[in-house]
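First the structure, in the form of structure tokens, and then the observations on it.
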Amino acid sequence: MNSQKKLSILFVYVCILISLLGCTRTRIPLTKIEVPMVAVPLPELPIPLPKIPLLMSGEGDYRLLPWKKAYYRLCDQMEREYPYTEWKNINWDNLREQISKKVEQAKDKKDRDAYYLALREFMYSFPDANVRIEMNETLRESAVGGGYGFAMTRTEDGQYLVFYIHPESSADKAGMKIGAKLLQWNHIPIEQAIQAVPILWADTPPATHEGKTYEQCKLLGRAPIGTEVEVSFINPSEANPIVTKLTAEKDDYATLKTPFWNKVSIGPMDSPFQKKKLEDNYGYVRILFFSPSINTPFPAQAFQKIISDFIREGVPGLIMDLRGNTGGDPELIPRYAGYFVEEETFLQDLAFYSKKEKGFKVSPGDRQVVKPFPLQYRGDVVVLVDYGTAGSAEGFVSVLSKKKNIHIIGISNTRGAMGVPGGDVRMPNGITVSYPVARSLDKDGNIQIEGNAQGEGGIIPTVKIPINAENIQKIFVDGKDIVLEKAIECLKGDS
């Protein structure tokens, strides 16, 4: 019997079965023909149904595969397509074997949470801020849902100073003040305790050594709710240290939401830009992200309006604030930077993985250059950055940093995350992971800005404001924006 006859018999069989089952009826609007709509699940048929191709797992979609097989397929795909294997010194054999044991244990116990944690550990083995896994809020709360009530950071001279105290928290009740110097953590020197903090629950894996320290400082103050820790610290202007026990309490992640750098909270209605005039008629524009929004569907035109207004108003200096800007569409970089370059300036070559050549290749259409626009701003420019500056924002800053009349000011390097996101992989249990799919190369073909295996990367400010006790006091007690103040000083010629 040929396949067509088999399908005909199967169709008749299903129709008869449906007519025997209780069912409702619906009407197709265009034809007004009534057809049965099944209201109960069909039992298994004696003749197997043909497989539907759309439900089969292809590359990048491993939802229907067994857990372990899906993990190995993910490893194989990323080993081929991840653009920074050599740059970040990734040992695929060791990594694959290390995590496979945890995947195997999760499979044997049919433990979905353990499988998620194994995949999260795998993805966070890459020092790459463009690597992601969807957050499991239940597991996150279980691991770091409690806060001891403070946030702290590392200073230029290697001290760990508190810059935020959550009101009515355990740290607040223990008398800890902003500017307090942490000394020991459960009888361990604070430097040693920091280095042992895992970064598994950071928003993204840090790409640089500086970024890793920032994340470890944030996460030291987090633990499962109810956890106790003994800590010693010394408050500013006091001689004697305080030794006390702190308890991790539910705080809606307050200390994680208050990082030392600028963290931008935006919604779909927000404009990418904030514009104002400062003292001495200086212009200021904050670029929050490199993407359109509902209220600003054409950001390039909106930015042109801002620059043309400043030129018409004769502002003697311009401050562009990219603190907390995590990037967006790289096509907007030349649309913004063209007002500040006087000659064609190389931005980047993007090298994507080629299946045909089994390696990364730059295509002619993947080169980006910045061409000067007829409308030019010729005054002095200061660009503000911090660890929150990433992706396309870093690309924009890299172009401007080549100009002599443009200064980069910040309290830290940028994030070092110039890879192009886009490698989404769907795994069992509804888990989605993603990784960058292209390298950003300079005009000599070298990887640029992205953090390397030594933890070096990002853009280094030409004027770096030190993190110390005095500046922590100014920022978090006095409420001063010392980075913006330094930018104004720079424009005035005082710095």
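Observations on the model:
- Isotropic mean projected area of the C-alpha convex hull, the stretch 142-250 (nm²): 6.6
- Put a plus charge on the Cβ of each Lys and Arg, a minus charge on the Cβ of each Asp and Glu, and nothing anywhere else: the dipole of the chain about its Cα centre is then about 1820 debye.
- Net charge dipole size for the stretch 256-395 [Lys, Arg +1 and Asp, Glu -1 on Cβ; Debye, nearest 20]: 460
- Kirkwood analysis of the Cα pair distances in the chain returns a hydrodynamic radius of 26.1 Å.
- Under 5 Å between amide hydrogens, built in the peptide plane, is the criterion, and for residue 424 it picks out 435 among residues at least 5 positions away or on other chains.
- Overall shape: prolate for the stretch 212-270, with the ratio a/c of the largest to smallest alpha carbon gyration tensor axis at 1.5 or above and a/b above b/c.
- Residue order, fewest to most beta carbons within 10 Å, for 75, 217: 75, 217
- Less than 5 angstrom separates the built amide H of residue 319 from those of 283, 284, 285, 382, all sequence-distant by 5 or more or on a different chain.
- Among the lysines of the stretch 142-250, pairs that are 8 or more positions apart or on different chains and have alpha carbons within less than 16 Å of each other number 6.
- Take every Cα pair under 8 Å whose residues are at least 6 apart in sequence, average their separation, divide by the length of the chain, and the relative contact order is 15 percent.
- Converting phi to 3J(HN,Hα) with the Karplus coefficients 6.51, -1.76 and 1.60 and the offset θ = phi - 60°, the stretch 335-348 yields 6, 9, 6, x, 7, 10, 10, 9, 8, 4, 10, 5, 9, 6 Hz in sequence order, with x at every glycine or proline.
Read the figures in this text as sums done on the coordinates, not as results from a lab. Since the structure is predicted, the reported quantities are computational estimates derived from the model, not experimental observations. Ideal geometry is used to build each Cβ from the backbone, glycine not excepted, and the neighbour counts take in all protein chains shown.
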